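These notes concern the structure reproduced below.
The values are calculated or read from the model by the stated rules, or taken from the named source; none is laboratory data. These numbers come from a predicted model, not from an experiment. As a convention, Cβ positions derive from the backbone with ideal geometry for all residues, glycine included, and neighbour counts pool all protein chains shown.
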Amino acid sequence: MSFLELDRVAKQFGPQTVVDDFSLAVGKGEFISLLGPSGCGKTTTLQMIAGFLDPSRGAIRLEGRDLTAVRPAKRGLGIVFQSYALFPHMTAAENVSFGLEMRRVPKANRSERVRAALAMVGLAGFEDRYPRRMSGGQQQRVALARALVVRPSVLLLDEPLSNLDAKLREEMQIELRQIQRNLGTTTILVTHDQIEAMSLSDRIVVMSQGRIEQIGTPQETYERPVSAFVSQFLGKTNDFAATIDRTAAPARLVAGSWSAPAPAGIAGPVTVSIRPERIGFGDTGLAAKIVTRIFQGNHWLFQCETESGPAIVIRQNDGQPQPAEGEAVRLGWRPEDMSLRTAGGAK
Amino acid sequence: MSTAPDTSVLTTGPSADERAARAPWALTAPALMLFVGILVIPLAMTVMLSFHDWGQYKGIEPVFILKNWHEIATDPYYAEMFWRTFRVALLATLITAVFGAPEAYILNRMSGPWKSFFLLVILGPLLISVVARTLGWALLFGGNNGLVNKFLMSLGLIGSPLPFMFTETGMVVALAHVMMPFMVLSVWAALQRLDPQIENAALSLGASSFTIIRRIVLPQIMPGVLSGAIIVFSLSASAFATPAIIGGRRLKVAATLAYDEFLNTLNWPLGAAVAVLLLVALVLIVVGSNALIERRYAEVFR
Ligand SMILES: Nc1ncnc2c1ncn2[C@@H]1O[C@H](COP(=O)(O)OP(=O)(O)OP(=O)(O)O)[C@@H](O)[C@H]1O
Ligand SMILES: [Mg+2]
C-alpha cells in the first residue's frame, strides 16, 4: 500500500475546474516533484494535501486513512511556502520552536531539537536572528528547519527555491536532497523549473491545465515523453513530421531524406521527436543548413533549417572541429533515441 | 578641442555639488514658505499672546507677564479640566482599539464584494460631518425626548432617562464612534502587510485559531494598533465639535475651554495659554509614545 494516495482528486472554483482527475500514489520516503507551467494547478493540489483547500471530488489518504476529514492543524505535515511565511516577530529559534510548542514538547527537549534542526540546515549560531535580518537563502533554510523539526510524515514544498539566485538555488537543491535522503521524509515539491525537478526527484509528475500528463522517473519523462507537451516542457526537443513507406520491404519510417526501419504496429503519419543532444552530423540523413552557431562553454548550440522545418542541435565541445554557419550538413540519429507519436498519442 | 568641455565639467565638480546641495531647499521653498506663513507664525503669535495681560475693561495689553500661566498652574479648575481631556481621550482610544482591531481583522478576512461593502460602511461616516454624527447621539440619548430613552422608558426598563448628555461617558462613547474609522484604517494597513500564507503556516504547525490570533497576528499588527491609537488619542484630546455638543458649557475640555475664552469671555491671552499647553502636552505624549513604539519594535519591523 502506498504511503500517500491521491485518488481522482478534483478542485473546482465556481465553474472553473482547476485540478481534475488527479491520481497519484506516493511511496514512503519518496521525493516527488509536481512540474508544470504557471497556473496549471500545482499549488492548488499541494494546498488540498495540506488541507487549506477542500477537494471538490476524490479522496486523499495517508497510510490508508482519509485525510480530508482531518483538520489542517492535525495533519502533521510540514510545509515550506513560496514566500517562506516566517513569523517576522520571532527569532529563527522561536520560529522553529513554534511547532514543538504546539505539540507540547517539554522545554529542555525543545531547545535541544531547535538547535539540532538549525544546525542541520547550516544555520548554527543564527538562533537569535530575526527573519528580516537574514538573506533569502537563510530565511528559506529557517522555513525548512521549521517544517522539519516537527518530524512531519510528509514534507510539502511550494516552489521554495524560486526566489533565490541561480548559484544559491543550486546549493540549496543539493542540500535539500541530502537532508531529505538522511531523514527519509516523504516529500512533494512543486516547481516549474524542470532542471530542479529532474535533479531532485525520484519521480516527476508533469501537469498541464490541471491534469496529469505523465508520471515517471526523471529519465523516463525526459527520454520517453508521452505527449508533445511533455517533450516540449522538459528540455528542448525537435519534432519532425514523418511517414511510413509501405512500398519498401520491410517498411521504412521516412522523414525527409532521413529514414530507418519502421517499428511494428505503426501506421499513417507520425511525429518523430528527438532531443537536440542526440542528433549528430553525418554523411547521410536529413538535409540541413546551419543558420547560427552559438558557443556555450561546454557545448555548441546549432540552429539549423532542415528540409522538414527548423531544428536545434547540441554538440559537446570535445575539441573536434564543428561545422560553420552557413554550411550544409546532414542530421542523423539512432532510431532508439527518438520517440514516435501518432496523431492519437504516444507509441 | 572636443575634450575641453569634458575637463571643464570635471573641474567644476564642487560647484555642481553645491548646486545639488541647494536643490532640495529651492524645491521645497514654496511649501516651506506656506508652512511658515500659515503655521509657524500664527503659532508663535499664539505663544506670545499667552504672555499678554487682559482685563475686563482694558482688553489685551501687550506686556510680558506670567499671569495666565500662573492661573492655569494654581487654579485646580484647569488641572481637572486637563485631566478630563486626557482621560476622555485615553478611554476613547482604548474603546477604538478594542473594537477597531477585531473589526479590521474580520473585515480583512471577508471575501470580495462583502469586503468592499463593509469597508465603505466603516469609512463612509468620514464623509459626514462630525457635528452631524455627534448630533445623532444627542437625538438618541438626549434627555426625556431622546429616541432610545423614550423607547426604554415606555417599555418600563428604565425609570429615568439614561444619563448621556453632559457626562464623560457620553463624551467617550461619541468620540470613540467618531474616531473608529482612523483605528480601523490603521490596523487595516498593518494587516495588508501580513503574509497571506502566514496563518496557514501556523495552522500547519498545529496552532489553534485562538493561538494564531494571539501569537502570530496580534504581535504583527500591534504597531498598526499603536499608531492608530496615537492618531485617535491626539484627535480626541484636541477634538472640539463632539465635546462641545455632548459636554456643552457644563463639561468642558481643553478645546472647548479655549474656544470659550476666545469667543465668549474674550480673554484671548488665557485662551492662548490653554491652547498652547494642550499643544505642548500632546506633542510630548505623541513624540514620547512614538519613540517607545519604535524602540520596542525596531528589531522586528525595519
Ligand atoms: N481562489 C481561487 N479562486 C479562483 N481561481 C483560482 C483560485 N486559486 C487559484 N485559482 C486558479 O486556479 C489555477 C491554478 O492555480 P494554482 O495556484 O494552483 O497554479 P500553479 O500551478 O501553482 O501556478 P504557479 O506556478 O504560477 O504558482 C489558476 O488558473 C488560478 O487562476
Ligand atoms: Mg503556485
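Just to be sure I understand, how many residues within the range A:110-133 are under 13 Å from A:Thr91 (Cα atoms) and among the acidic types (Asp, Glu)?
So the answer is 2.
Take B:Asn149 and tell me if it is at pLDDT 90 or above and surrounded by 11 or more Cβ atoms within 10 Å (Cβ to Cβ).
Values: at pLDDT 90 or above: no; surrounded by 11 or more Cβ atoms within 10 Å (Cβ to Cβ): yes.
Spelling it out, it is not the case that B:Asn149 is at pLDDT 90 or above and surrounded by 11 or more Cβ atoms within 10 Å (Cβ to Cβ).
Working carefully through the options A:Gln219, A:Gln214, find the one that is in the same structural domain as A:Asp158 (by the TED database), surrounded by 17 or more Cβ atoms within 10 Å (Cβ to Cβ) and either away from ligand 2 (no atom under 16 Å from the Cβ) or modelled with pLDDT of 95 or more (or both).
On the way: A:Gln219 fails: surrounded by 17 or more Cβ atoms within 10 Å (Cβ to Cβ).
Of A:Gln219, A:Gln214, the one residue that is in the same structural domain as A:Asp158 (by the TED database), surrounded by 17 or more Cβ atoms within 10 Å (Cβ to Cβ) and either away from ligand 2 (no atom under 16 Å from the Cβ) or modelled with pLDDT of 95 or more (or both) is A:Gln214.
Could you grab the pairs with beta carbons closer than 7 Å, sequence gap of 6+ or different chains, first residue in the range A:65-90 and more than 16 Å from ligand 2 (Cβ to nearest atom), second one of a type in the set (D, E, K, R) and part of a loop (DSSP other than H, G, I, E, B)?
A:Leu67/A:Arg75; A:Thr68/A:Asp54
How many residues are at the interface with chain B (Cβ under 10 Å from one of its Cβ atoms) and not hydrophobic (A, V, I, L, M, F, W, C) when one looks only at the range A:100-127?
Of the residues in the range A:100-127, the ones at the interface with chain B (Cβ under 10 Å from one of its Cβ atoms) are A:100-104.
Imposing the further condition that a residue be not hydrophobic (A, V, I, L, M, F, W, C) reduces the set to A:101, A:103-104.
Residues meeting the conditions: 3.
Conditions: (1) under 20 Å from B:Leu251 (Cα atoms); (2) outside any helix (DSSP H, G or I). B:Gly156 meets all but one. Number of the miss?
In the conditions (1) under 20 Å from B:Leu251 (Cα atoms); (2) outside any helix (DSSP H, G or I), B:Gly156 misses (1) alone.
Within the range A:91-124, take every residue that is in contact (Cβ under 8 Å) with a residue 24 or more places away in the chain, assigned to a loop (DSSP other than H, G, I, E, B) and farther than 17 Å from B:Ala207 by Cα and give me the one that is nearest to the chain's Cα centre (by Cα).
It comes out as A:Val121.
Starting from the range A:35-47, keep only residues that are under 17 Å from A:Ala197 (Cα atoms), then list their pairs with residues that are within 6 Å of ligand 1 (Cβ to nearest atom) and not in a loop (DSSP other than H, G, I, E, B) whose Cβ atoms are within a distance under 8 Å, requiring at least 6 positions of separation or different chains.
A:Leu35/A:Lys42; A:Gly36/A:Lys42; A:Gly41/A:Val18
Name the residues in the range B:43-64 that are modelled with pLDDT under 90 and either under 16 Å from B:Leu278 (Cα atoms) or among the β-branched types (Val, Ile, Thr) (or both), would you?
Scanning the range B:43-64 gives B:Ile60, B:Val63.
Out of all the residues in the range A:41-62, is one or more charged (D, E, K, R), more than 17 Å from A:Ile79 (Cβ to Cβ), more than 14 Å from chain B (Cβ to nearest Cβ) and within 16 Å of ligand 1 (Cβ to nearest atom)? First the steps, then the outcome.
Of the range A:41-62, the ones charged (D, E, K, R) are A:42, A:54, A:57, A:61.
Next, only the ones that are more than 17 Å from A:Ile79 (Cβ to Cβ) stay: A:57, A:61.
So of that shortlist, the ones also more than 14 Å from chain B (Cβ to nearest Cβ) come out as A:57, A:61.
Going one step further and asking which of them are within 16 Å of ligand 1 (Cβ to nearest atom), we end up with A:57.
Yes, the range A:41-62 has at least one match.
With the checklist (1) more than 14 Å from every other protein chain (Cβ to nearest Cβ); (2) touching a residue at least 12 places away in the same chain (Cβ under 8 Å); (3) in a loop (DSSP other than H, G, I, E, B) in hand, flag the one item B:Ser186 doesn't pass.
(3)
Take B:Arg214 and decide whether it is without any contact (Cβ under 8 Å) to a residue 24 or more places away in the chain and away from chain A (no Cβ under 14 Å).
Values: without any contact (Cβ under 8 Å) to a residue 24 or more places away in the chain: yes; away from chain A (no Cβ under 14 Å): no.
In short, no.
Can you pull out every residue in the range A:38-55 that is of a type in the set (A, V, I, L, M, F, W, C) and part of a loop (DSSP other than H, G, I, E, B)? Break it down into steps so the answer makes sense when it comes.
Restricting attention to the range A:38-55, the residues satisfying the condition of being of a type in the set (A, V, I, L, M, F, W, C) are A:40, A:46, A:48-50, A:52-53.
Those that are of a type in the set (A, V, I, L, M, F, W, C) and part of a loop (DSSP other than H, G, I, E, B): A:Cys40, A:Phe52, A:Leu53.
Among the residues of the range A:78-99, write down those that are more than 16 Å from ligand 1 (Cβ to nearest atom), facing chain B (nearest Cβ under 9 Å) and in contact with a helix residue (DSSP H, G or I) (Cβ under 6 Å, 6 or more places away or on another chain).
A:Gly78, A:Leu86, A:Phe87, A:Pro88, A:His89
Output the number of the condition that A:Ala197 fails; it satisfies all remaining conditions of (1) of a type in the set (A, V, I, L, M, F, W, C); (2) over 22 Å from B:Leu205 (Cβ atoms); (3) away from ligand 1 (no atom under 16 Å from the Cβ).
Going through the list (1) of a type in the set (A, V, I, L, M, F, W, C); (2) over 22 Å from B:Leu205 (Cβ atoms); (3) away from ligand 1 (no atom under 16 Å from the Cβ), A:Ala197 breaks only (3).
Specify which of the listed residues (A:Gly41, A:Gly58, A:Gly51) is more than 18 Å from the chain's Cα centre (by Cα) and either closer than 28 Å to A:Leu183 by Cβ or within 16 Å of ligand 2 (Cβ to nearest atom) (or both). Step through it out loud before you land on a result.
On the way: A:Gly41 fails: more than 18 Å from the chain's Cα centre (by Cα); A:Gly58 fails: either closer than 28 Å to A:Leu183 by Cβ or within 16 Å of ligand 2 (Cβ to nearest atom) (or both).
The unique qualifying residue is A:Gly51.
With the condition kept exactly as written, say whether any residue in the range A:261-277 is closer than 25 Å to A:Leu35 by Cβ, among the charged types (D, E, K, R) and crowded, with 18+ Cβ neighbours inside 10 Å. Give the derivation first.
Taking the range A:261-277 as the starting set, the residues that turn out to be closer than 25 Å to A:Leu35 by Cβ are A:271-277.
In the following step, the residues that additionally are among the charged types (D, E, K, R) were identified as A:275, A:277.
Add one more test, that the residue is crowded, with 18+ Cβ neighbours inside 10 Å, and what stays is A:275.
Taking every residue of the range A:261-277 in turn, at least one turns out to be closer than 25 Å to A:Leu35 by Cβ, among the charged types (D, E, K, R) and crowded, with 18+ Cβ neighbours inside 10 Å.
Could you run through the range B:191-211 and say how many residues are among the aliphatic types (A, V, I, L, M) and away from every other protein chain (no Cβ under 12 Å)?
Restricting attention to the range B:191-211, the residues satisfying the condition of being among the aliphatic types (A, V, I, L, M) are B:191, B:194, B:198, B:201-203, B:205, B:207.
Keeping just the survivors that are away from every other protein chain (no Cβ under 12 Å) gives B:191.
Of the residues in that region, 1 qualify.
Within the range A:3-37, can you find the residues that are away from ligand 1 (no atom under 16 Å from the Cβ) and assigned to a loop (DSSP other than H, G, I, E, B)?
The first filter runs over the range A:3-37 and keeps only residues away from ligand 1 (no atom under 16 Å from the Cβ), leaving A:3-5, A:7-8, A:23, A:25-31.
Passing the criteria: A:Phe3, A:Gly27, A:Lys28, A:Gly29, A:Glu30.
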